[in-house]
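The values are calculated or read from the model by the stated rules, or taken from the named source; none is laboratory data. Note that this is a predicted model, so its numbers are computed, not measured. For neighbour counting, all protein chains shown are included, and Cβ atoms are generated from backbone atoms with ideal geometry for every residue, glycine included.
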Amino acid sequence: MYTMDKGEYKVIDNFLPTLYFNNLKQIVESQDFSWSFSHNATNKHIKDKIGDFGLSHLVIGYDHDRYKVLDHKSKIQPFLMAAIYQMMDCVGATEYLRARFDKTLYNPDMHRHPIHADLPVKLFYWTSILYLDDSDGETVIWKKRYKNYPEINFDDDDKSFSDENILVSVKPKANRLVIFDGHLYHTGHSPSKQKSRTLLNTNFR
């Protein structure tokens, strides 16, 4: 288990056992795996722009208004729980909140998606991103923490989100996990050199 405090992050390569990860990747990349189109690939509470689209597959849903995990049926959930519990063990979390697969598609301009925090809630939680493939389109995490619950919209031209206030930029790499304080503002980019960028986004406390 890693000791991590508010405002911190950890990047772990080769996170899952190779055989398990390869099976997970095979399932997600199969033609039988269902994807839903999303006008906003990062957070539905933020007004989307033309390049903010993506694909998603919800595994575990979360109602942030009632602080309640939703009963959502996904065929992959039983298989995926081993990975989720392993992520939770990294920081000593005891409760999972949400899990979903995200896929952003090729954009020659490497579109930056809206800066956000995953869940507009007061409670402290962890966010993790597990990359399923080698791609471009870095995940950028800023030093600024989300505090203005329940308001989520803000001006992403705010100087708080200048390059000098970036905490870390993480390049997508197959089986690389980045885990961080869920209240840290962050975002990802659409890939400009690959067809797609696929990841598992999970929240827990």
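Inspection of segment 178-186 identifies at least one residue that is part of a strand (DSSP E or B), on the phi < 0 side of the Ramachandran plot and touching a Gly at 6+ places or on another chain (Cβ under 8 Å).
For VAL168, are the conditions met, namely being at pLDDT 95 or above and either surrounded by fewer than 23 Cβ atoms within 10 Å (Cβ to Cβ) or within 19 Å of ASN14 (Cβ to Cβ) (or both)? If you could, list the steps in order and put the result at the bottom.
On the way: at pLDDT 95 or above: yes; either surrounded by fewer than 23 Cβ atoms within 10 Å (Cβ to Cβ) or within 19 Å of ASN14 (Cβ to Cβ) (or both): yes.
Here the answer is yes, as VAL168 does meet what is asked.
Whether any residue in segment 89-97 is under 17 Å from LEU199 (Cα atoms), touching a helix residue (DSSP H, G or I) at 6+ places or on another chain (Cβ under 9 Å) and either free of Cβ contacts under 8 Å to residues at least 24 places away in the same chain or among the polar types (S, T, N, Q) (or both) is what I want to check. No, because not a single residue in segment 89-97 is under 17 Å from LEU199 (Cα atoms), touching a helix residue (DSSP H, G or I) at 6+ places or on another chain (Cβ under 9 Å) and either free of Cβ contacts under 8 Å to residues at least 24 places away in the same chain or among the polar types (S, T, N, Q) (or both).
Picking from residues in segment 1-15 that are in a loop (DSSP other than H, G, I, E, B) and in contact with a strand residue (DSSP E or B) (Cβ under 7 Å, 6 or more places away or on another chain), the one that is modelled with the lowest pLDDT is TYR2. The criterion of being touching a strand residue (DSSP E or B) at 6+ places or on another chain (Cβ under 8 Å) and part of a strand (DSSP E or B) holds for LEU200. Against the list (1) under 20 Å from GLY54 (Cα atoms); (2) buried (at least 16 other Cβ atoms within 10 Å of the Cβ); (3) modelled with pLDDT of 90 or more, the condition LEU184 fails is (1).
Have a look at PHE37, PHE33, PHE53 and point out the one that is in contact with a strand residue (DSSP E or B) (Cβ under 8 Å, 6 or more places away or on another chain), over 24 Å from TYR146 (Cα atoms) and modelled with pLDDT under 95. Please lay out each step first, then the result.
Working: PHE33 fails: modelled with pLDDT under 95; PHE53 fails: over 24 Å from TYR146 (Cα atoms).
Just a single option satisfies the conditions, and that option is PHE37.
Inside segment 119-157, can you point out the residues that are closer than 20 Å to ARG176 by Cβ and at pLDDT below 90? Working first, answer last.
Taking segment 119-157 first, the residues closer than 20 Å to ARG176 by Cβ are 126-142.
Across segment 119-157, there are no qualifying residues.
Restricted to segment 88-112, and to residues there that are of a type in the set (Asp, Glu) and surrounded by fewer than 19 Cβ atoms within 10 Å (Cβ to Cβ), the residue that is nearest to ASP163 (Cα to Cα) is ASP109. Taken together, the residues in segment 97-118 that are closer than 19 Å to LEU184 by Cβ and over 11 Å from the mean Cα position of the chain (by Cα) amount to 5.
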